[in-house]
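Remarks on the structure that follows.
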């Protein structure tokens, strides 16, 4: 199972960006405004971005690992 590393990188970027967008969308339903003094400030928005990245990265990593492991399963029977 040798994949072109450029193609694999493109897939990884697409998956990470997709999960980041999904996490950002999901965070919009969470009401965290009470935790901030100024909920519309740049600091609050930066916190949302960092939180979205912190959540989406392990989820995307799990998804990519799962796909790789699933593709490796047929090697059991070789």
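May I ask you to order 8-20, 28-40 by the average number of other C-beta atoms within 10 Å around their residues, highest value first?
On the way: 8-20: 14.0, 28-40: 9.4.
Per-residue Cβ counts within 10 Å, averaged per peptide and sorted highest first, yield 8-20, 28-40.
Per-residue counts of other Cβ atoms within 10 Å, averaged by peptide: what ranking do you get for 45-54, 67-76, highest first? Intermediate values should be presented prior to the final figure.
Values: 45-54: 13.4, 67-76: 9.4.
The packing order, highest mean first, is 45-54, 67-76.
Hey, quick one: spin label on residue 8, modelled 7 Å out along Cα-Cβ, who in the stretch 53-78 has an amide N within reach, i.e. under 17 Å?
Only 61-75 pass the distance filter.
Taking a ≥ b ≥ c as the square roots of the eigenvalues of the Cα gyration tensor of the chain, is the shape rounded (a/c under 1.5), prolate (a/b larger than b/c) or oblate?
Judged from the Cα gyration tensor, the chain comes out prolate (a/c at least 1.5, a/b above b/c).
Can you give the helix-only mean residue ellipticity at 222 nm for the chain, where every DSSP H stretch with n ≥ 4 adds -39500 (n - 2.57) and the sum goes over all residues, rounded to the nearest 500 deg cm²/dmol?
Details: 2 runs with 54 residues, N = 78.
-24500 deg cm²/dmol, from helical runs alone.
To the nearest 10 degrees, how steep is helix 5-27 against the longest Cα principal axis of the chain, on a 0 to 90 scale?
With rounding to tens, the tilt is 30 degrees.
Place a point 7 Å from the Cα of residue 63 along the Cα-to-Cβ direction; which residues of the stretch 1-30 have their backbone N under 17 Å from it?
8-28
Bear in mind that the values in this text are calculations on the coordinates, not laboratory data. As the structure is a computational prediction, the values presented were derived from the model and not from experiment. Heads up, the Cβs are rebuilt from the backbone with ideal geometry, glycines too, and the neighbour counts pull from every protein chain shown.
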